Structure formats: C-alpha cells, structure tokens
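Input: a single structure, listed below in structure tokens.
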Amino acid sequence: MQLRYWLGTAALCLMALPAATAVQAQAGNYPDKPVTVISDAAAGATPDIDARFCADGLTKLWGQQVVIINRTGAFGSLAVHAAAEAAADGYTLFMPSLASFIAGPGIATNVPVMLPRDFLPIGFTAENPMFIAVNPALGVNTLPELIALAKKQPGTISIAVTGVGRLTHLTGLVLQERAGIQLLPVPYNGGPATALADVGSGRVSMIIEGYSGILGAVKAGSVKLIAVAARERLPQFPDLPLASETIPGFSATGWQVLVAPLATPKPIVEKVSVDLAKVVSDEDFKKRLGNIGSYSQAMTPDQTLAFVKKEQETWLPVVQKISVK
C-alpha cells in the first residue's frame, strides 16, 4: 500500500514537471520576440510620450522591440477590450491611464477597469500633472486673474476639452466647481494637437493638458502657463504657481500603470515588473520624463494595486457626482 502511494505521488510529480518547466523556460527566455503594449492614450498626448519612453527603455534592456499600439475611443473601452482579449503569454501587455480606471458609470462597456479582477498589475510607469495654459490675448497672467475674469463673464471663456471623460476634461470640471465659475467647453478628438492650434490662434481661450502635449506651443509663446495642478512645486518649473495655492487642496495628476491579461504566467509578470523598475529608476529615463513635466517611481505589483485603489477612491466619487449632474 505504501509503495503504491509513493509510486502514485512520483507519477503525479513527473506529470507536473513538464508544465512547471515550460513556465520557467517561458520566463527565463522571455522575451524572445517583440512585445506589444496597448495604450489607451491618443498619439502625441503626454501619456503616449511617457509610454514610448518606457517602451524604449524595455527595448534596450531586453534586446527585443517593444511596440506601442494606440487604441483610443469609447472612453478607453476599446483598448481595454483589445488587451483583455489578447493571449496571456506576456507578448501583449496593457498600459492604461487613470481615465480607464475612473470612467463614469454606464458611459461605456469594460470600464472602469478594476484590478486584479480585470488585469494583473505589473508596475507603475509615469505620472503627469495637469498644466493650465491660456492664450496670451486673454489678458490673464495668473489663476486668480482667470477666475476673476470668468466670474465677470460667465460661460464665455472657452476651454479646449481634449478627450471627454479623460483627466484633462475632469480637471476642468473640478476647477469650475471648486472656483465657482462657468467655462465654455469646446470638445476635440485625437489628442491636443488640433486644440492647441485653436488655443494658439485665439479661437479658444484656454486648455488643460500634460506638459508634453503643450510644450511646443509654450516654447513658441502661443500659449502661456499660469498654474500647474501638481501636489508640490515642480523642480523644472520653480516659478510656476500651484493651482492649490489659489484653490486649497486642488490637484490633478494623470498616471499610467503596466498590466497583463489574466492568466499571464506569474514568472513573466514578476520578470516584467523587475525590469520595468530598472527602467523607471534609471537617471536618464527620469531626466527625459522631467523635461516634459512627467515623473516616475518603481512599484511592485502589490504596490501598484494599492496605488490604483487609492486613486479610484479619490476620483470615482468625483466622476459619479459629475455624472449625476
């Protein structure tokens, strides 16, 4: 009886060996071909540029091309669907932004994304505070001046909305609510390029966007920064006031995380997490991000999960309140 037991146990172990060995080999050789990363960001927007910086770093580290694929529209649900349907082999990953995690109830299927129900967390990639910029002809140089003018002319100062339901849009709505003003929204699709052309020409008065999305216009002088909705003053912009210096407690920072489809082997998730941490901790990478007003920090999968949940606790009530209105 005892012999039969041990023989049976040995047989089970031998049966399990090929599967275990396959997973280890998969993680050990990974990646041995190009990796696709689906992004919900519009091409040229700050999250897209941040994602491409991360892809560049992983490409150098792995010696395999990491390709960013932009799947925009439907409040991020198109990207979510494509990523969820991808093979769980580590060769298709997903880099969702804050918007996919805080989409309002009923506005689209597949959102808001919930971790770890929908995807496996891997790590944190970048964060980008929202900058408030105006056309110089508007005649305001500070956020208090903008608020004062908006109160004198309610509903007449136009604001470019680069993606309904995204953080740029939500930040503008919260700004209006907290400041007690009413702006005139002008919606745009496909990122900030077209919107910036209109703000720069004066057809639209202002825009809220990540810095990389408006960098060219700021340097050209066609738009002027008046505040940033960061948690603290930024080293690259020491003289730019925080929005919270005018509206206490007001901040708005976009971010992205890297996740994998459910059932992706744990060894692969762990390897990508460790390698991503190396990329975002690199000083050259941090400098590249800082030059476009973005920042990063390394996070484990568990830390990423905790971070996302905390952000959802902050933003989902805001979105639901706006949706009710």
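The values are calculated or read from the model by the stated rules, or taken from the named source; none is laboratory data. Fair warning: this is a prediction, and the values are worked out from it, not measured in the lab. Don't worry about glycine lacking a Cβ; one is built from the backbone with ideal geometry, like all the others, and counts go over all protein chains shown. Heads up: the accessible areas ignore ligands, DNA and RNA and are worked out on the full protein's heavy atoms, side chains in. Shrake-Rupley method; radii C 1.70, N 1.55, O 1.52, S 1.80 Å.
Here are a few things to note about the model shown:
- Links that overshoot a 32 Å alpha carbon limit, given the list K151/K287; K287/K309; K266/K321; K33/K310: K151/K287; K266/K321; K33/K310
- Only DSSP H runs of four or more residues enter the estimate; each adds -39500 (n - 2.57), and after division by the residues of the chain the mean residue ellipticity at 222 nm equals -14500 deg cm²/dmol.
- Local electrostatic count, G200, Cβ distance below 12 Å [Lys/Arg +1, Asp/Glu -1]: +2
- In terms of its alpha-carbon gyration tensor, region 281-325 comes out oblate; a/c meets the 1.5 threshold, while b/c is at least as large as a/b.
- In whole percents, the pair-distance distribution calculated for region 52-95 from its alpha-carbon pairs, binned every 10 Å from zero, is 26, 46, 26, 2.
- Neighbour net charge for F124 - beta-carbon separation under 15 angstrom, K R +1, D E -1: -2
- Within region 132-245: Cβ-based charge dipole about Cα centre, in debye rounded to nearest 20 (Lys, Arg +1; Asp, Glu -1): 100 debye
- Value in Å of the Kirkwood radius, where the chain supplies the Cα pairs that are averaged: 21.0 Å
- Restricted to Cα atoms, region 252-309 shows a radius of gyration and a Dmax of 12.6, 37 angstrom.
- Using C-alpha pairs below 8 Å separated by at least 6 residues, the relative contact order for the chain is 25 percent.
- Placing +1 on the Cβ of every Lys and Arg and -1 on the Cβ of every Asp and Glu, with no other charges, gives the chain a dipole of roughly 340 debye about its Cα centre.
- Per residue, the chain exposes 46 Å² of accessible surface when a 1.4 Å probe is rolled over the protein heavy atoms with every protein chain present.
- Relative counts (whole %) of C-alpha pair distances in region 223-291, using bins that are 10 Å wide: 16, 32, 26, 19, 7
- Local electrostatic count at P248 - Lys and Arg +1, Asp and Glu -1, tallied over other residues with Cβ under 13 Å: +1
- Solvent-accessible area, 1.4 Å probe, carbon plus sulfur percent, for region 100-186: 58 percent
- For region 144-251, the direction-averaged projected area of the alpha-carbon convex hull comes to 6.4 nm².
- Region 172-325: C-alpha gyration tensor shape, a/c 1.5 cut-off, then a/b vs b/c: prolate
- Percent of beta bridges antiparallel (DSSP, the chain, rounded to nearest 5): 55 percent
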